[in-house]
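Here the structure is laid out as structure tokens; the discussion comes afterwards.
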Amino acid sequence: NAGYPYTLCNALTTAGHIIVVIGVDSLQRIVTVNDPYGDKNSGSYPSPNGKNVKYDWPSYNNGNQNLNTAWWGVSVRYTPPVIPDTVVDDLQFNNGFTMNNKAPATMFTWKDMNKGYNGHMWYAFTTWSDSVDTCYAIWQPTLSQSGMYDVLASIPMATATNAKYKVYFKGGMQTVVVNQKNYVDSSASLGTFEFDKGSTGYVRLGDATGIKNEAVIFDAIIWKYKGPSSPTLVTFGSTV
């Protein structure tokens with residue numbers, strides 16, 4: 001009733017079945033669920049129509065499939081991540097951080113570990129290619145003001161020696177090659193660049209380094225404001 005999802009393990013299938021309860025009719029004892037197997041009321045199960053399905057709670061009969069037995073349930077409370085400003089972390093999905101898992105990448109090619117900024121990081125193994133990425137990620141901040149920014153990459157651990165960060169800033173793009181092994185449990189400076197206010201700039205990192213099977217790290221990217229735009233402040237990273 002409070003608007004939070006509730007995960008329920010039940011006997012809709014003989015193997016045990018997990019659904020997400022998203023609503024309840026307290027008078028008729030009907031629950032509304034998202035069922036990953038489809039709608040058992042439809043006569044075809046599995047089926048592709050498992051969103052907003054109605055099931056009857058045990059001991060009630062309103063003409064829907066009955067949940068019969070519920071073995072356990074898990075309540076969920078979720079705090080949405082903050083809108084990215086000068087720090088974009090690797091779990092801010094669709095909110096500053098984008099991780100490509102489209103072919104040829106899959107979630108099998110991505111690995112993760114509870115380590116790094118805010119206790120989490122992603123990593124992928126590098127490829128022989130030096131230009132075509134399989135796995136890549138994009139960090140895009142929402143900056144409150146235009147000006148010059150130091151761009152820092154958090155690197156909690158790594159074996160990649162030729163990580164290619166592409167920094168897209170006002171007026172151009174700079175590729176900064178970083179030996180991530182030199183920055184364990186620290187941050188690598190990618191350089192100082194000019195950015196406009198808003199979400200016009202970003203950083204992109206992929207697994208195409210030309211050296212195979214090194215672990216390249218995808219953690220937080222941090223923008224540190226240095227001051228208003230000035231040609232005298234412009235310094236571009238190259239190889240770190």
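Could you tell me the relative contact order of the chain? Use alpha-carbon pairs under 8 Å, at least six residues apart, and round to a whole percent.
18 percent
Read through the labelled values (1) 7, 26, 22, 16, 16, 10, 3, 0; (2) 7, 27, 36, 24, 6, 0; (3) 7, 24, 24, 18, 13, 8, 4, 2, 1, 0, 0 and report the label of the one computed as P(r) over Cα pairs in 10 Å bins from 0, in percent from the structure.
Among (1) 7, 26, 22, 16, 16, 10, 3, 0; (2) 7, 27, 36, 24, 6, 0; (3) 7, 24, 24, 18, 13, 8, 4, 2, 1, 0, 0, the one calculated here is (1).
Order the peptides 69-79, 4-14 from the highest to the lowest mean number of other Cβ atoms within 10 Å of their residues.
By packing density, highest mean first, the sequence is 4-14, 69-79.
Residue-wise, which Karplus ³J(HN,Hα) couplings in Hz belong to segment 129-136, taking 6.51 cos²θ - 1.76 cosθ + 1.60, θ = phi - 60°, and x for glycine or proline?
3J(HN,Hα) across segment 129-136, in whole Hz: 4, 10, 9, 10, 7, 8, 9, 8.
Could you tell me which of the pairs LYS181/LYS212; LYS40/LYS102; LYS115/LYS181 are separated by over 27 angstrom between their Cα atoms in the structure shown?
The pairs that break the limit, which is 27 Å between Cα atoms, are LYS40/LYS102.
How long is the gain from TRP128 to TYR4 if the chain were fully straight, where each residue apart is worth 0.36 nm and the alpha carbon distance is subtracted?
That pair, TRP128 and TYR4, stretches by 40.1 nm at full extension.
If each residue of separation counts as 0.36 nm, what is the full-extension length gain between ASN179 and ILE22 once their alpha-carbon separation is subtracted?
So the chain would gain 51.8 nm between ASN179 and ILE22.
Read the figures in this text as sums done on the coordinates, not as results from a lab. Just so you know, these numbers come straight off a predicted model, no measurement behind them. All Cβ positions, even for glycine, are placed from backbone atoms using ideal geometry, and neighbour counts span all protein chains on display.
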